[in-house]
Amino acid sequence: MNFGSWGRVIVGVLALVLALGLGACGSGGDPPASSSSPPKPVSRQKFIDDTRAVCKKWKVKINKGLKSLYAKREKETGEPGGSVGAIEAMQSVIVPSMKQEVKEFEAVGFPRGEAFAAEAMWQAARNMYRRVELEGMVAWTRENLIFPFWSAAKPFGLKTCIYF
């Protein structure tokens, strides 16, 4: 082969590597923070009321999911309820529920004039479930996991919104 042939091979290989590298960018992980359409502005009170309703709904769902998982593990293992399955619950109940809850938070919209504050609260919740997803029970048992959410949610009176 002469240099011209090698040059074409090298350029071809570099193009393939570049294509594969760019294809890998953005794959995996969570979907983008917002959907194709941005959250709509709503009144502050509607934002608070609707977000509280989402919180209440997900607390009930998470409690049911945990009770179901613990009952199943108790039956399978003979161990007392809650003593088996807590670590598994992080991945099978808590994280998926929190992901869906954040999507529903965003669907409520943001309070007019306070979009940044709402987005900061949503991001704090996202950061929580991501840490739990990565670290499991270790993250969940750290009190400082909830502090950023509490700080962001306090102006709206939503500190107790996240299951913790």
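The values are calculated or read from the model by the stated rules, or taken from the named source; none is laboratory data. All figures in this text were calculated on a predicted structure; none of them were measured in a lab. Cβ atoms come from the backbone with ideal geometry, glycine included; neighbour counts cover every protein chain shown.
Would you point out the residue of segment 113-160, among those that are more than 13 Å from the chain's Cα centre (by Cα) and among the hydroxyl-bearing types (Ser, Thr, Tyr), that is nearest to residue 98 (Cα to Cα)? Restricting to residues being more than 13 Å from the chain's Cα centre (by Cα) and among the hydroxyl-bearing types (Ser, Thr, Tyr), the top hit is 160. Of the helices (runs of 4 or more DSSP H) lying entirely inside segment 95-164, those containing at least 3 residues that are buried (at least 16 other Cβ atoms within 10 Å of the Cβ) and not hydrophobic (A, V, I, L, M, F, W, C) are 95-108, 115-135. Here residue 163 qualifies as within 21 Å of residue 60 (Cα to Cα), over 9 Å from the mean Cα position of the chain (by Cα) and among the hydroxyl-bearing types (Ser, Thr, Tyr). Restricting the search to segment 68-94, which residues are assigned to a helix (DSSP H, G or I) and hydrophobic (A, V, I, L, M, F, W, C)? Once the filter is applied, which keeps residues that are assigned to a helix (DSSP H, G or I) and hydrophobic (A, V, I, L, M, F, W, C), segment 68-94 yields 69, 71, 86, 87, 89, 90, 93, 94. For segment 20-43, indicate whether the set of residues that are at pLDDT 95 or above and out of contact with any Gly (no Cβ under 7 Å at 6 or more places or on another chain) is non-empty. Yes, some residue in segment 20-43 is at pLDDT 95 or above and out of contact with any Gly (no Cβ under 7 Å at 6 or more places or on another chain).
Here residue 130 meets each of (1) more than 27 Å from residue 37 (Cα to Cα); (2) of a type outside the set (A, V, I, L, M, F, W, C); (3) in contact (Cβ under 8 Å) with a residue 24 or more places away in the chain with one exception, condition (1). Scanning segment 36-51 for residues that are of a type in the set (D, E, K, R) and under 22 Å from the mean Cα position of the chain (by Cα) gives 40, 49, 50. Scanning segment 109-118 for any residue that is touching a residue at least 24 places away in the same chain (Cβ under 8 Å) and charged (D, E, K, R) turns up at least one such residue.
Residue-level analysis places residue 68 among those that are of a type in the set (Ser, Thr, Tyr) and free of Cβ contacts under 8 Å to residues at least 24 places away in the same chain.
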